[in-house]
Amino acid sequence: METATLSERFSAALARVSYDDLPATTREILLNECIDAFGLMLAARQAPYVRQALASWDGQGNCTAVGHDKALDPGGAALVNGMAIHGEDFDDTLEGAPIRVAAMTLPAALAAAEQFELDGKSFLRGLAVGLESVCRLNRVAAGKIHCQHFHPVGVIGTLAASAGVSSTLGFDARTMAQAFGVAGSFSSGIIEYFSEGAWTKRLHPGWAAHSGYRAARLAQQGFVAPRKIFEGPHGFFKAFAAPGTDLQFQNLTEGVGEVWQMDLITFKPYACGTMIHPFIDCMIRLARQGVDAEAIADIECKTSQGYSRLWEPLPAKQNPPSGYAAKFSVPWCMAIGFFEGDAGLAQFNDEKVKDERVLRLSRKIHFLYDPDDEYPNNYTGRIKVTMKDGSVVELSQMHMRGGAREPLTRDELVAKYRSNVLYGGWTAEQGERLLDFIMSLEQCRNISALREFRK
């Protein structure tokens, strides 16, 4: 008898997942993800990159790009919804192994459930499997995929989306394992977008959702894929993780279906890079102390080299070329947070990045790498503000708000959803109708009821 491979062992555990057996805390995370993700789909519905994706997609079908009239095939709906969720960088993340979680998996499972007119529990089961797959697969080589210049959202996301679709459609373990094998060849996404604020980052979760759906459907037809996609000599992690990485494969074999890593998913209060958030909190508190920006001589930030991409090259980060590029600049986000008390959707546009007041403060901010920084296990912000009169103010935020140490409440997530609905051009009444649909997903008999929200 052949020894089961890692993908086969992982799939065997995931294929046993039943929605009714999920812990209450995990079900709460699923509902929170739906509230957050649907709101983000609507927030971006008028964005040019979403419009371009819709216009470029030739396939027609029965699936919904939320908030749009055009009905698409499953792959197209997964692509557009995934891009919209992640497009403004306001979607979830994972503490301890940074990656987005729902933007790749929720659109794929949703498209599968709508295409085959399945019930809400089938969708939610698939979403749980997809989310958990992201969390566990990303911890195999946490932080080491970025080191190879790949975007974990694009490469891990494709694998996890295939698992989510497989679970939604009720595949057995063997078919799910083959879906992993196919998805490994679909995985893609490089991080060159950081150099100039290009839009390809927005594309990655949508393409992962689309590719994961296609991988699962190919596997369903019996397509033969590599069994050792994870551990093989030419396998996924050999291709995408930095050489010499100590691969933590126990994440695929220990506690799957019993210990839910997705319970550590973090929901964002700010629409920018995850590791920037604690620094923004420090600057908002600094402003509330009545500090005059013109009286500041210098701000030193202690940080980790693990996310140097958000700091370097420093002159470019202090003066980002666009509102989108500004989302991945620690100094600019800190400065806008100081002046506006927020870093939400309204703060990131091409006009605000020209604000000389913000740029002057941004140019005063620099970093010092701290080898004892807790990243990626914890996201912290520590700043030392030296005033022109020689006085010093030190502030710290020792965890990310929205994470396990200080989670956003359901009321806060609903408030974020409602704000996103209005930002995207829907009426409050339309938003409440969709919210009612989301809150009753567990009782939904047919996900195709989603078609009511094509507007």
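Since every read-out is calculated from the coordinates, none of them should be taken as a lab result. Here the structure is a predicted model, which is why all the values come from computation and not from measurement. Reconstructed Cβ throughout: ideal geometry from the backbone, glycine too, with neighbour counts over all protein chains shown.
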Tilt relative to the chain, helix 152-168 - C-alpha long axis, 0 to 90 degrees, to 10: 40 degrees
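Rounded to the nearest 0.05, what FRET efficiency do Glu340 and Asp436 have when you use their Cβ-Cβ distance and R0 = 30 Å?
Details: r = 33 Å, r/R0 = 1.10.
Computed FRET efficiency for Glu340 and Asp436 comes out at 0.35.
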Where labels lie 7 Å past Cα in the beta-carbon direction, separation of Gln46 and Ser188 in nm: 3.2 nm
The chain: relative contact order as a whole-number percent, Cα under 8 Å and 6+ apart: 22 percent
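When the gyration tensor of segment 274-397 is built from Cα positions, what are the square roots of 5 times its three eigenvalues, in whole Å, from largest to smallest?
Details: eigenvalues 74, 68, 34 Å².
Whole-Å semi-axes of the equivalent ellipsoid: 19, 18, 13.
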Taking all pairs of distinct alpha-carbon atoms in segment 269-339, Kirkwood radius in angstrom: 12.5 Å
log₁₀ of I(q)/I(0) at q = 0.13, 0.18 Å⁻¹ - segment 234-281, Debye sum with one point per alpha carbon: -0.60, -0.87
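Per residue of the chain, what 222 nm ellipticity follows from adding -39500 (n - 2.57) for every DSSP H run with n ≥ 4, rounded to the nearest 500? Don't skip to the answer; put the middle values down first.
Working: 17 runs with 208 residues, N = 455.
One gets -14500 deg cm²/dmol as the mean residue ellipticity at 222 nm.
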Chain lengthening between Ala449 and His149 when straightened (0.36 nm per residue, less Cα-Cα): 104.0 nm
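If you average over every viewing direction, what projected area does the convex hull of the Cα atoms of segment 106-223 give, in nm²?
With every direction weighted equally, the projected area is 7.0 nm².
Which three numbers, in whole Å and largest first, are the semi-axes of the equivalent ellipsoid of the chain derived from its Cα gyration tensor as √(5λ)?
Working: eigenvalues 265, 126, 72 Å².
Each semi-axis is the square root of five times an eigenvalue, giving 36, 25, 19 Å.
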Square roots of 5 times each gyration tensor eigenvalue, C-alpha, segment 220-327, largest first, Å: 41, 19, 15
Computed label-point distance, nm, for sites Ser322 and Thr253 using a 7 Å Cα→Cβ extension: 4.5 nm
In segment 103-156, GluC sites (Glu not before Pro) in a DSSP loop with at most 14 other beta-carbon atoms within 10 Å: Glu117
Residues of type aspartates and glutamates that Lys268 reaches as a straight line, Cα spacing below 13 Å, ignoring anything fewer than 8 places off in the same chain: Glu33, Asp36, Glu88, Asp89, Asp91, Asp92, Glu95, Asp281, Asp342, Glu406, Glu412
Protection proxy ranking, peptides 165-174, 357-366, 437-446, average beta carbon neighbours within 10 Å, highest first: 165-174, 357-366, 437-446
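May I ask you to derive the FRET efficiency for Leu31 and Val291 from their Cβ-Cβ distance with R0 = 45 Å, giving the value to the nearest 0.05? All intermediate terms of the calculation are to be shown ahead of the outcome.
Working: r = 40 Å, r/R0 = 0.89.
Computed FRET efficiency for Leu31 and Val291: 0.65.
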Kirkwood estimate for segment 42-177, i.e. one over the average of 1/r between Cα atoms, Å: 15.2 Å
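Set the Förster distance to 22 Å, then compute FRET efficiency between Lys354 and Leu314 from the Cβ-Cβ distance, nearest 0.05.
Values: r = 19 Å, r/R0 = 0.87.
My answer for the efficiency is 0.70.
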Principal-axis tilt of helix 277-288 within the chain, Cα atoms, nearest 10 degrees: 30 degrees
